[in-house]
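Only one structure is covered here, and it is reproduced in the block below.
The values are calculated or read from the model by the stated rules, or taken from the named source; none is laboratory data. These figures come from a predicted structure and were not determined experimentally. As a convention, Cβ positions derive from the backbone with ideal geometry for all residues, glycine included, and neighbour counts pool all protein chains shown.
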Amino acid sequence: MGKTLTYKILENHLVEGVLAPGNEITIKIDQTLTQDSTGTMVYLQLEAMDVDQIKTELSVAYIDHNTLQTGFENADDHEFIKSVAKRHGVLFSKPGNGICHQLQLENYGVPGKTLLGSDSHTPTGGGLGMIAIGAGGLDVAVAMAQGTYSLAVPKVLKVELSGSLKPWVSAKDVILFVLQQLTVKGGVGKIVEYAGDGVKTLSVTDRATITNMGAELGATTSLFPSDENTRAYLASQGREKDYVPMSADADAEYDEVLKVDLSSLVPLAAMPHSPDNVDSIQNIGPIKVDQVAIGSCTNSSYTDLMKVAEILKGKKINADVSLVISPGSSRILSKLAENGALASMINAGARIIENACGPCIGMGQSPKSGAVSLRTFNRNFKGRSGTLDADVYLVSPETAAVSAITGVLTDGSKSGYTLPEIKPESFDFNDHFIVYPKDANKENTFVEMGPNIKPFPQNTKLSDTVTGTVVLQAGNNITTDDIMPSDSRLLPYRSNIPYLANYCFEKIDKDFAARCKEAQTGIIIGGENYGQGSSREHAALAPLYLGIKFVIAKSFARIHRSNLINSGILPLVFENLADYDDFKLGQRLVVEQAREQVKNSAIIVKNIDSGKEYKVLANFTELETEMILAGGKINQIKGNS
């Protein structure tokens, strides 16, 4: 039996364990990336581990999330990250250079390598044939310190592509179609591997769009083979020497297969408020549009923005539409300025904003009350835009541009506009935004730490008896945005958990934090796919600070489950899903003989008030059990069990 591309790369990096679905393995990590929204915690944790030298081939710290400097907080975080990066030999990408995933693709991604990033959209690197995994910040800090990462071997889902895309149908429509078929839970416990004759019709930036939004499937990662299109992309970035051809064997066997005929796809949109709430633009109809935002790590490539520029050239944005465009990197913006495309955008009435994540994470450009906003982003969770009652639709750059002109959601294939062909470009090397850690080491580099940066909370080892009060009963598909909101108001406090914790779950229950403080030790009851979305470990650290001891849910999203374990909070799963309905706010629960029970596949939780007992599933791996007993990953690493 032949091997999948996934197994080939994992096998090449295997440090420990047996490569079979469900087994726990440890793999070598070649590269890491962090961004400033999660990065401060990563580097606080790296400092707490007291390592002398990082073990990865390359690690990069990007500043791309918290770039609005309306006070000292974000600037202080940037300086802290820069100083720790210098201290440990990490490259530092200054604000304005661009979005971490686009920059990693352009400058550092190498087929066949492994990449671990403290951002859930790290799988963008899969467009180059990498195993690129998003993880919690502590996992990334440990990867830098030890050079490894442990995970349960995922199943491999093959998406077999055939045919080719029609005009006005793009890579964004491919991943929206896959989301429509599989849902936001469809990739949990899986790596999505793209194959088939249709692959060769997609450029690397097309592929990166698709693997980027594989995060919305809940997948561990997604990847494409490395072929002549990969070579061409690397050559355009001046990196042809990094090209390595890689693909699955012709007789490789997969756990699941989804077939997609690219020729049959039409322009699609994800409707409010989930990336899998997908329908054709024709079916949705010509709804009035108030705002269009083009950019993000999903759709800010040179090709994407050139399509936008050509569509806008010589035209005028609808009077009722606000159009904002954020290029993915300084290199792309420079090229757009050189070839006149930037002028076409500006002359049409577009607002050009910084090369950063910006409105994708609610950092500026919030739409007006009740607005319809079309965005080329990856998530449209309720309130993520910064406006709670806005309706956000996810669309391709082509759809976004033509709709900005017409003022309504428009299927470009029926608009009468001509979509020009974009010729590939070569880019000059430019590292003016990169700070290299020359001649720095732990002894001679001072760490800059501003007053807003507070120590991260650390748990204590698991007690024999764990008690708590039910402080929240949450529904299905709770996102990390729901748990720990991400917007321009709170992002500056990402390095201040005591302050941030006051706003935990505020969109779901504004009294949550106060209830936790009154209870002192709390329990959360959750529905299906609890913790989907961003990799932000703040969604575990803030509950830890508020005294949360365990979460019982119908199911968990992968990264959030790991973050809870890293923090020493038990993620438990209902054996009988109907038990969810038994729980009410204020009930007191207890796990007796907890240290012994976590070693088993199931745990008994007792309701002190009703006397009823519930069987919940633990299914912790040996390493996860060690972390739970120790009260979190750092305690486990230090041997404090």
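Quick notes on this structure:
- The listed residue being assigned to a loop (DSSP other than H, G, I, E, B) and more than 30 Å from Tyr530 (Cβ to Cβ), out of Lys507, Lys423: Lys423
- Subset of region 86-103 [surrounded by 24 or more Cβ atoms within 10 Å (Cβ to Cβ) and closer than 13 Å to Thr56 by Cβ]: Val90
- Only one of the numbered conditions (1) over 20 Å from Met627 (Cα atoms); (2) touching a residue at least 60 places away in the same chain (Cβ under 8 Å) is not met by Gly527, and that is (2).
- Within region 467-479, the set of residues being surrounded by fewer than 22 Cβ atoms within 10 Å (Cβ to Cβ) and aliphatic (A, V, I, L, M) comprises Val470, Ala474.
- In this entry, Ala356 is excluded by the filter for residues that are out of contact with any Leu (no Cβ under 8 Å at 6 or more places or on another chain), modelled with pLDDT of 95 or more and of a type in the set (A, V, I, L, M).
- Test: residue in region 552-559 that is under 16 Å from Lys633 (Cα atoms), hydrophobic (A, V, I, L, M, F, W, C) and surrounded by 24 or more Cβ atoms within 10 Å (Cβ to Cβ): yes
- Some residue of region 507-521 being surrounded by 24 or more Cβ atoms within 10 Å (Cβ to Cβ), touching a residue at least 24 places away in the same chain (Cβ under 8 Å) and basic (Lys, Arg): no
- The residues of region 572-585 that are surrounded by 14 or more Cβ atoms within 10 Å (Cβ to Cβ) and under 11 Å from Ile603 (Cβ atoms), listed by number, are Leu572, Val573.
- Evaluation of Glu160 against the conditions (1) surrounded by fewer than 24 Cβ atoms within 10 Å (Cβ to Cβ); (2) touching a Gly at 6+ places or on another chain (Cβ under 8 Å); (3) over 27 Å from Leu268 (Cα atoms) shows that the sole unmet condition is (3).
- Of the strands (runs of 3 or more DSSP E) lying entirely inside region 182-289, those containing at least 1 residues that are under 25 Å from the mean Cα position of the chain (by Cα) and surrounded by 24 or more Cβ atoms within 10 Å (Cβ to Cβ) span 190-195, 221-223, 268-270.
- Applying the condition of being part of a loop (DSSP other than H, G, I, E, B) and either small (Gly, Ala, Ser) or over 28 Å from Ser426 (Cβ atoms) (or both) to region 320-332 and asking which residue is nearest to the chain's Cα centre (by Cα) yields Gly328.
- The lone criterion from (1) farther than 29 Å from Lys82 by Cα; (2) crowded, with 21+ Cβ neighbours inside 10 Å; (3) out of contact with any strand residue (DSSP E or B) (no Cβ under 8 Å at 6 or more places or on another chain) left unmet by Thr460 is number (2).
- Qualifying residue in region 303-319 (condition: assigned to a strand (DSSP E or B) and either touching a strand residue (DSSP E or B) at 6+ places or on another chain (Cβ under 8 Å) or not basic (Lys, Arg) (or both)): no
- Whichever residue in region 319-344 is touching a Leu at 6+ places or on another chain (Cβ under 6 Å) and buried (at least 24 other Cβ atoms within 10 Å of the Cβ) and, among such residues, is nearest to Ile422 (Cα to Cα): Pro327
- Matching residues, region 510-549, being in a strand (DSSP E or B) and at pLDDT below 95: Gln532
- If you check Asn607, Asn563 for being over 23 Å from the mean Cα position of the chain (by Cα) and either among the polar types (S, T, N, Q) or surrounded by fewer than 16 Cβ atoms within 10 Å (Cβ to Cβ) (or both), only one passes: Asn607.
- Qualifying residue in region 28-49 (condition: surrounded by fewer than 18 Cβ atoms within 10 Å (Cβ to Cβ) and without any contact (Cβ under 8 Å) to a residue 40 or more places away in the chain): no
- Residue within region 385-393 that is over 22 Å from Ser535 (Cα atoms), in contact with a Phe, Trp or Tyr (Cβ under 6 Å, 6 or more places away or on another chain) and either touching a residue at least 12 places away in the same chain (Cβ under 8 Å) or surrounded by 24 or more Cβ atoms within 10 Å (Cβ to Cβ) (or both) present: no
- Residues in region 351-404 that are in contact with a Ser or Thr (Cβ under 9 Å, 6 or more places away or on another chain) and at positive phi: Gly358, Gly362, Gly364, Gln365, Gly370, Gly386.
- Note on region 130-151: residues that are under 18 Å from the mean Cα position of the chain (by Cα) and surrounded by 24 or more Cβ atoms within 10 Å (Cβ to Cβ) amount to 13.
- Figure legend. Inter-residue proximity from region 476-503: first residues closer than 14 Å to Thr40 by Cα, second residues at pLDDT 90 or above and basic (Lys, Arg), beta-carbon distance below 6 Å, spacing 6+ or different chains. Indicated pairs: Asn496/Lys454.
- On inspection, Ser385 qualifies as touching a strand residue (DSSP E or B) at 6+ places or on another chain (Cβ under 8 Å) and assigned to a loop (DSSP other than H, G, I, E, B).
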